[in-house]
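Read through the structure below, which is laid out as C-alpha cells, and then see the notes.
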C-alpha cells in the first residue's frame with residue numbers, strides 16, 4: 001500500500017474560488033497535498049510538467065490556455081476534474097461520467113462524489129498508467145469538441161526580438177526551436193537571409209498557447225520545436241530520448257511526458 | 001415598388017385577410033359603437049323617408065313594409081360581417097340580400113301591373129336598385145372597415161409583445177446572473193474565511209444593485225447615475241480579479257447630466273472586462289471616459305486587451321445596445337468598435353447631448 005500523500009493541482013483565474021476549492025478539498029480529501037495553485041492555464045500546464053500531480057482540478061475559463069486545452073495536453077495521464085462557473089454551458093452537453101465536473105462554488109457533497117470517482121483511477125506513483133474510465137481517444141475527441149466552444153487567441157505570426165539596438169522580426173515558421181532560458185526564451189531560427197538566435201521576454205509557457213499545435217511540438221517543459229526541423233528521435237537508454245535536427249549540430253532533450261509523440265510505427 | 005392590382009376584387013370584393021378564431025377573440029370581440037349604429041340607422045331612415053316622399057301615395061304602406069324588412073336584413077348581415085369580416089360572408093350576405101329584393105320586386109310587379117315606360121314602373125325599379133346598392137355598399141364598407149380595424153389592433157398587440165420581450169431581455173442582460181452568482185460565491189467564501197475583503201465587496205455589490213435596479217423601468221437616465229453603477233461594478237470586479245483589473249473613470253461634469261438609455265455604458269464596460277481583461281495573463285486596464293464635443297456626447301470605453309478578433313461580429317450585448325441607441329436617438333447616434341492605437345479595443349458612442 002502506497003502511503004505517500006496524493007498530490008493535486010488546482011487552477012482558477014479568480015483567487016476566491018481557488019481558495020474555496022482548496023478549503024473544500026481539504027475537507028473532502030484529507031491528506032491530499034496541493035502541489036500547485038495556478039491562476040491561469042499557462043501556469044497550470046507548466047506546473048503540471050514541473051510537479052507531476054496525480055490529479056488536477058481545472059477551471060474552464062482561464063486566460064492564456066483554457067482548462068480544456070490544459071486537459072487535452074494532459075491527455076488522460078492523470079484524472080482531471082473540471083470546475084465550472086455558474087452559467088458556463090461548455091460542459092452542459094455532457095452527462096456526468098464522460099467528463100468529471102463540479103460547479104462553483106463547490107458543494108461539499110458533490111465534491112465528495114467527484115473525489116470518490118477519481119480515487120480508483122489514480123495512477124500509482126511508480127508511473128503505471130491510470131485506469132481511465134474512458135479510452136484516451138474518446139476523451140481526446142470529447143475535449144477537442146469542447147475546446148471548440150472556448151475562445152482562444154489567434155496564433156502568433158511574427159516574433160519581435162531586440163538584438164542590440166535593432167528589433168528583429170522573426171516569422172514564426174522560420175523558427176527552429178524555442179528554449180526557456182531563466183526568465184527569457186531563446187529563439188533559434190533559420191531564414192533565407194541567414195539564421196541566428198535571439199532572446200525574447202515572453203516566457204516559453206506563454207508562447208506555447210500562441211503557437212500552432214500541429215507545427216510546434218512541445219518536447220520538454222523548456223523546449224518547443226518546429227517539427228519540420230526534426231530529423232530523428234533517438235532513444236538513448238531507459239527513459240531517455242533526444243532529437244536530432246536537420247542540418248544542426250545540437251540535440252534537444254525529450255522528456256518522459258512527450259516521448260509518446262515518437263512512437264515509431 | 002408599386003403593389004400589384006388585385007383584380008379578384010372586381011368579382012370577389014372584400015377583405016382578403018382571413019382571421020382565425022383566436023385572432024378574432026383577441027382583437028374583434030367588441031360590439032359596434034352606439035354612435036356607429038345611430039349614424040347608420042339615421043341615414044337609412046332618411047333615405048327611406050326620401051323614397052316615400054318621391055313615390056305615389058298608394059305605395060307608402062307596401063314600401064314601408066319593404067324598407068323595414070330590408071332594414072332588418074341589412075342590420076343582421078352587417079352585424080355578422082362586424083363579427084367576422086370576410087369575403088365569403090360578404091358574398092353570401094349580398095347574394096341573399098339581392099335575391100330577397102328581386103323576389104319582392106317580382107311579387108310587386110305581379111300584383112300591380114306596371115306597364116313598360118310608365119312613371120310608376122320607373123319609380124319602383126329605381127327604389128329597388130337604390131336599396132340593393134345601399135345594402136351591398138354598406139356591407140362592403142362594414143367588412144373592409146372592420147377588417148382594417150382588427151388588423152391594426154393585431155399589429156399593435158404584436159408590437160407590444162415584442163417591446164415587452166425586449167424589455168425582459170434587457171432586464172436580464174443588465175444584471176447578468178453569472179456575475180451575481182460568482183460574486184456571491186466569492187463573498188460567501190470571504191465571509192467564511194473571515195477575509196477583510198468581504199466588507200468592501202458587500203458594499204460595492206450593494207451599491208451596484210441599488211444603482212442598477214431602478215434603471216429598468218426608465219427610458220432614459222442621467223449619465224452620472226449610470227456611471228455610479230459602472231463604478232460599483234468595476235469595484236466588484238477589481239476585488240474579484242485582484243490586480244488583474246485596473247480602471248479609471250473620467251466623466252466630465254457637463255456630460256454627467258446627459259440623458260442616455262440606461263444600461264448602455266454598463267454593457268460596454270462588461271464587454272471590456274470579459275473580452276479585454278479576463279483573457280489577458282496579467283490582466284489589463286479599462287478607461288471609461290465621457291465628454292462633450294461640439295454639442296454632442298462622446299462615451300468611450302477602452303481596454304488593454306487583445307483587440308478585436310478579425311471578422312468578429314457583434315455579441316448579444318452590443319446588438320442590444322445598438323437597438324436601444326437607435327430607439328432613443330434614431331440615426332443621430334453612433335456606436336463604433338475599433339482597435340485602439342496602443343493595443344486593445346475601444347468602444348465609442350456619440351449621441352446628441354440632451355439634458356432633462
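The values are calculated or read from the model by the stated rules, or taken from the named source; none is laboratory data. Keep in mind that this is a model prediction, so the values were computed, not measured. Positions of Cβ are backbone-derived with ideal geometry, glycine not excepted, and every protein chain shown enters the neighbour counts.
Among A:127, A:97, A:87, which is modelled with pLDDT under 70, within 14 Å of chain B (Cβ to nearest Cβ) and either over 21 Å from the mean Cα position of the chain (by Cα) or over 22 Å from residue A:12 (Cβ atoms) (or both)? Unique residue meeting the criteria: A:87. Quick one: in region B:193-219, which of the residues that are assigned to a helix (DSSP H, G or I) and touching a residue at least 40 places away in the same chain (Cβ under 8 Å) is surrounded by the most Cβ atoms within 10 Å (Cβ to Cβ)? The extreme case among them is B:212. Considering only residues in region A:19-54 that are without any contact (Cβ under 8 Å) to a residue 24 or more places away in the chain and within 14 Å of chain B (Cβ to nearest Cβ), the one that is surrounded by the fewest Cβ atoms within 10 Å (Cβ to Cβ) turns out to be A:26. Among the criteria (1) in contact (Cβ under 8 Å) with a residue 12 or more places away in the chain; (2) more than 14 Å from every other protein chain (Cβ to nearest Cβ), the one residue B:179 does not fulfil is (2). Under the condition of being within 19 Å of residue A:46 (Cα to Cα) and in a strand (DSSP E or B), the residues counted in region A:188-225 number 9.
Within region A:166-182, one or more residues are surrounded by fewer than 12 Cβ atoms within 10 Å (Cβ to Cβ) and modelled with pLDDT under 85. Do we find a residue being touching a helix residue (DSSP H, G or I) at 6+ places or on another chain (Cβ under 7 Å), part of a helix (DSSP H, G or I) and outside the structural domain of residue A:180 (by TED's automatic domain parsing) anywhere in region A:26-37? Among the residues of region A:26-37, at least one is touching a helix residue (DSSP H, G or I) at 6+ places or on another chain (Cβ under 7 Å), part of a helix (DSSP H, G or I) and outside the structural domain of residue A:180 (by TED's automatic domain parsing), which makes the answer yes. Of note, residue A:9 does not satisfy the criterion of being modelled with pLDDT of 90 or more, away from every other protein chain (no Cβ under 12 Å) and part of a helix (DSSP H, G or I). Residue pairs whose Cβ atoms lie under 9 Å apart, separated by 6 or more positions or on different chains, with the first residue in region B:50-79 and crowded, with 18+ Cβ neighbours inside 10 Å and the second outside any helix (DSSP H, G or I), are B:59/B:112; B:63/B:55; B:78/B:32.
Out of the residues in region B:265-291 meeting the condition of being over 30 Å from residue A:43 (Cβ atoms) and surrounded by fewer than 21 Cβ atoms within 10 Å (Cβ to Cβ), tell me which one is nearest to the other protein chains (Cβ to nearest Cβ). The extreme case among them is B:289. Please indicate, with yes or no, whether at least one residue in region A:109-122 is part of a loop (DSSP other than H, G, I, E, B), modelled with pLDDT under 95 and buried (at least 18 other Cβ atoms within 10 Å of the Cβ). So far as region A:109-122 goes, no, none of its residues is part of a loop (DSSP other than H, G, I, E, B), modelled with pLDDT under 95 and buried (at least 18 other Cβ atoms within 10 Å of the Cβ).
Looking at region A:236-249, which of the residues that are at pLDDT 90 or above and not in a loop (DSSP other than H, G, I, E, B) is surrounded by the most Cβ atoms within 10 Å (Cβ to Cβ)? Once the filter is applied, the top-ranked residue is A:243. Please verify whether region A:55-66 includes one or more residues that are within 12 Å of chain B (Cβ to nearest Cβ), touching a helix residue (DSSP H, G or I) at 6+ places or on another chain (Cβ under 8 Å) and modelled with pLDDT of 95 or more. No; the residues of region A:55-66 include none that is within 12 Å of chain B (Cβ to nearest Cβ), touching a helix residue (DSSP H, G or I) at 6+ places or on another chain (Cβ under 8 Å) and modelled with pLDDT of 95 or more.
Considering each residue of region B:203-212 in turn, none proves to be within 17 Å of residue A:15 (Cα to Cα), within 14 Å of chain A (Cβ to nearest Cβ) and modelled with pLDDT of 90 or more. Of all residue pairs spaced 6 or more apart or on separate chains, those with beta-carbon atoms under 6 Å, a first member in region B:108-127 that is assigned by TED's automatic domain parsing to the domain that holds residue B:57 and a second member that is modelled with pLDDT under 80 and not in a helix (DSSP H, G or I) are B:120/B:114; B:121/B:114.
Look at region B:309-328: where a residue is away from chain A (no Cβ under 14 Å) and surrounded by fewer than 18 Cβ atoms within 10 Å (Cβ to Cβ) and a partner is at pLDDT 75 or above and not in a helix (DSSP H, G or I), sitting 6+ places away or on another chain with Cβ atoms under 9 Å, you get B:314/B:337; B:318/B:335; B:318/B:337; B:318/B:347; B:322/B:335; B:326/B:333; B:327/B:261. Restricting the search to region B:309-348, which residues are in contact with a helix residue (DSSP H, G or I) (Cβ under 8 Å, 6 or more places away or on another chain) and either outside the structural domain of residue B:289 (by TED's automatic domain parsing) or at positive phi (or both)? Residue satisfying the conditions is B:344 alone. Taking the criterion of being in the same structural domain as residue B:154 (by TED's automatic domain parsing), in contact with a helix residue (DSSP H, G or I) (Cβ under 6 Å, 6 or more places away or on another chain) and either within 29 Å of residue B:154 (Cβ to Cβ) or not in a helix (DSSP H, G or I) (or both), would at least one residue in region B:34-54 satisfy it? For region B:34-54, residues in the same structural domain as residue B:154 (by TED's automatic domain parsing), in contact with a helix residue (DSSP H, G or I) (Cβ under 6 Å, 6 or more places away or on another chain) and either within 29 Å of residue B:154 (Cβ to Cβ) or not in a helix (DSSP H, G or I) (or both): absent. As a summary of the residue check, residue B:95 satisfies the conditions (1) over 30 Å from residue B:6 (Cα atoms); (2) surrounded by fewer than 18 Cβ atoms within 10 Å (Cβ to Cβ) except for the one numbered (1). Counting only residues that are under 14 Å from residue B:346 (Cβ atoms) and within 31 Å of the chain's Cα centre (by Cα), which one in region B:292-308 is surrounded by the fewest Cβ atoms within 10 Å (Cβ to Cβ)? Restricting to residues being under 14 Å from residue B:346 (Cβ atoms) and within 31 Å of the chain's Cα centre (by Cα), the top hit is B:298.
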